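The values are calculated or read from the model by the stated rules, or taken from the named source; none is laboratory data. Computed from a predicted structure; not experimentally measured. No Cβ is skipped: glycine too gets one built from the backbone with ideal geometry, and neighbour counts run over all protein chains shown. Only protein heavy atoms, including side chains, enter the accessible area calculation; ligands, DNA and RNA are left aside. Shrake-Rupley method; radii C 1.70, N 1.55, O 1.52, S 1.80 Å.
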Amino acid sequence: MERILVEGGVPLMGRIRIKGAKNACLPMMAASLLTSEDIILDDVPDLDDVRTMSRLLRSLGVEVYRDRKNERIYFNSRGLNNCTAPYGPVRRMRASFLIMGPLLARMGRSRISLPGGCAIGTRPIDLHLKGLAAMGSQFTMDDGYIEAETPFLRGNRIYLDYPSVGATENIMMAAVLARGTTVIENAAAEPEIIDLASFLKYIGARIEGAGTPLIEIEGVNSLTGGHYRVIPDRIEAGTFMVAAAISGGDIILENVIPQHLTAVISKLQETGVLVEELGQSLIRIRSRGRVNAVDIKTLPYPGFPTDLQPQFMALLSLAHGTSVISETVFEKRYMHVEEMIRMGARVRIEERTAIITGQQLLQGAIVRAPDLRGGAALVLSALAARGFSEIRGINHIRRGYNRLAGRLRSLGGRVFVLP
Ligand code: EPZ
């Protein structure tokens, strides 16, 4: 089983270009089901989740061509002939559920395996179903599948009890072809929601308010095709920012949108790290020695992103002082803690709160990635640890990071993939 070998103690130096956002391109890939015309997406990173979504769309009859070298994907769903998403892809990737809204809008039905739990929590889909039911969809469950059916979707006013990213995306995609107008209240406001809405408007949808808690979608009869570039991945950018800080390095990130990272930049500066916005989508991150302890509370955007909580825990495990992290978004997003403790971190969990007592040193160790962002965090800890570390279970990391080891190596890191 492949694993990542890291020799710690080398400060990262140099420049790295941030890839397109996984969590923006996945819903856009699902949205290709909404039109029978050609869709081309640029800056789509070569990730396992993108491969999983591509395979899922192909199984529905969509023509998908991935130009990996140019990070471009071409779709055409005029041959759409199947509405069933089997257990495999849905189990591997929860974002598979994002095809429900588009399939209902385009075909009037969908049959999707229930997603099942995952490492970071139960992750229900009740808000997705609440919204789609309000638009006229009927649901039945059998054999671990949930079937949705409707003669047509009609616009409605939908309140989300929680600003769920996936539910907002599913409902928005269903609403673009519904009869009448849909209003989503307490909608998620993440940059990936704005990018999905921008893409949908680019191919003919009528959407106002994306990026605010109130989104209004006026249904249209059909959508056209288009060629669209995905926004940069703010979570990958934050991961590399921590890599620079934890290794005592000095790096420049290219292709970054600083306003997508306001909470992250502010928190990093609070730890004492130097973060400079250089203009033209460039950000410089320079370590100024041992960081200060800080407290973090994860929240829906624009709050501190839960997807960077494990990476910041790695940084704070070496801080001067004690830090407190409150994980308010997912109930179990601390699967990386036990692994970090094997490297010498001192972390105590009390329900959704982690208390981190900063240490002077971490020791290299053999650890296992519990999930995507926890795995990335362990690689970051290994960059700072004394000696060698081996991170196993790197299939999790490959879901959301393109060539993480190679790109860290390009910054001088001693990071290698072993067979
Ligand atoms: C998206 O997941 C992202 N994934 C996640 O990134 C990210 O952590 C999350 O949003 C929060 O920002 C993609 O975009 C593909 P949610 P999603 O629905 O849509 C509860 C990564 O590492 N909830 O906003 O699944 C849920 O239990 C991944 O790239 C309901 O209660 O997140 C959770 O506590 C991990 N009912 C909270 O909302 C529902 O119907 C946030 O979930 C839906 C969600």
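Just one of (1) open to solvent by less than 30 Å² (accessible area, probe 1.4 Å); (2) among the charged types (D, E, K, R); (3) over 23 Å from Gln269 (Cβ atoms); (4) within 12 Å of the ligand (Cβ to nearest atom) fails for Glu390. It is (4).
Every residue, every condition in (1) farther than 20 Å from Gly375 by Cα; (2) of a type in the set (S, T, N, Q); (3) free of Cβ contacts under 8 Å to residues at least 40 places away in the same chain, yes or no:
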site	(1), (2), (3)
Ala244	no, no, no
Gly249	yes, no, no
Val256	yes, no, no
Ile265	yes, no, yes
Val273	yes, no, yes
Ser281	yes, yes, no
Pro300	yes, no, no
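Would it be correct to say that Leu278 is in contact with a helix residue (DSSP H, G or I) (Cβ under 6 Å, 6 or more places away or on another chain), hydrophobic (A, V, I, L, M, F, W, C) and closer than 26 Å to Gly14 by Cβ? Even if it seems obvious, please write down each step before you answer.
Numbers: in contact with a helix residue (DSSP H, G or I) (Cβ under 6 Å, 6 or more places away or on another chain): no; hydrophobic (A, V, I, L, M, F, W, C): yes; closer than 26 Å to Gly14 by Cβ: yes.
Taking the combined requirement at face value, the residue does not satisfy it.
Can you give me the number of residues within the stretch 1-20 that are within 16 Å of the ligand (Cβ to nearest atom), assigned to a loop (DSSP other than H, G, I, E, B) and farther than 23 Å from Gly393 by Cβ? Of the residues in the stretch 1-20, 1 are within 16 Å of the ligand (Cβ to nearest atom), assigned to a loop (DSSP other than H, G, I, E, B) and farther than 23 Å from Gly393 by Cβ. Among residues that are open to solvent by 10 Å² or more (accessible area, probe 1.4 Å) and among the aliphatic types (A, V, I, L, M), Ala365 is included.
Apart from one condition, Tyr162 fits all of (1) within 13 Å of the ligand (Cβ to nearest atom); (2) more than 24 Å from Glu192 (Cα to Cα); (3) of a type in the set (Phe, Trp, Tyr); the exception is (2). Considering Thr212, Thr140, Thr224, the condition of being among the hydroxyl-bearing types (Ser, Thr, Tyr) and either within 19 Å of the chain's Cα centre (by Cα) or open to solvent by less than 60 Å² (accessible area, probe 1.4 Å) (or both) is satisfied by Thr212 alone. Looking at the stretch 266-289, which of the residues that are of a type in the set (D, E, K, R) and surrounded by 15 or more Cβ atoms within 10 Å (Cβ to Cβ) is nearest to Phe312 (Cα to Cα)? Restricting to residues being of a type in the set (D, E, K, R) and surrounded by 15 or more Cβ atoms within 10 Å (Cβ to Cβ), the top hit is Lys267.
Take the conditions (1) within 16 Å of the ligand (Cβ to nearest atom); (2) farther than 23 Å from Ser96 by Cβ; Ile184 misses just one of them, which is (2). Note on the stretch 243-306: enclosed strands (runs of 3 or more DSSP E) holding 3 or more residues that are within 16 Å of the ligand (Cβ to nearest atom) are 296-298.
Looking only at residues in the stretch 35-64 that are open to solvent by less than 30 Å² (accessible area, probe 1.4 Å) and assigned to a helix (DSSP H, G or I), the one that is nearest to Arg229 (Cα to Cα) is Val50.
Filter the stretch 317-327 down to the residues that are out of contact with any helix residue (DSSP H, G or I) (no Cβ under 8 Å at 6 or more places or on another chain) and open to solvent by 10 Å² or more (accessible area, probe 1.4 Å), then identify the one that is nearest to the ligand (Cβ to nearest atom). Reasoning before the result, please.
Going through the stretch 317-327, the residues out of contact with any helix residue (DSSP H, G or I) (no Cβ under 8 Å at 6 or more places or on another chain) turn out to be 319-322, 324, 326.
Remaining after also requiring open to solvent by 10 Å² or more (accessible area, probe 1.4 Å): 320-322, 324, 326.
Working: His320: 29, Gly321: 27, Thr322: 26, Val324: 20, Ser326: 14 Å.
Result: Ser326.
Test Ile125 against the criterion of being more than 8 Å from the ligand (Cβ to nearest atom), at pLDDT below 95, surrounded by 17 or more Cβ atoms within 10 Å (Cβ to Cβ) and farther than 13 Å from Ala105 by Cα, and give yes or no. Here the answer is no, as Ile125 does not meet what is asked.
This table checks each residue for (1) out of contact with any Ser or Thr (no Cβ under 6 Å at 6 or more places or on another chain); (2) away from the ligand (no atom under 13 Å from the Cβ).
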residue: Thr140; (1), (2): yes, yes
residue: Glu149; (1), (2): yes, yes
residue: Ala167; (1), (2): yes, no
residue: Leu200; (1), (2): yes, yes
residue: Gly204; (1), (2): no, yes
residue: Ala210; (1), (2): yes, yes
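When Asn23 is tested against (1) within 16 Å of the ligand (Cβ to nearest atom); (2) open to solvent by less than 10 Å² (accessible area, probe 1.4 Å), just one condition goes unmet, and that condition is (2). In the stretch 328-338, of all residues being charged (D, E, K, R) and open to solvent by 40 Å² or more (accessible area, probe 1.4 Å), the one that is farthest from Gln360 (Cα to Cα) corresponds to Glu331.
Select from the stretch 65-103 the residues that are crowded, with 17+ Cβ neighbours inside 10 Å, more than 16 Å from the ligand (Cβ to nearest atom) and part of a helix (DSSP H, G or I) and list them in ascending order. Leu103, the sole residue that qualifies.
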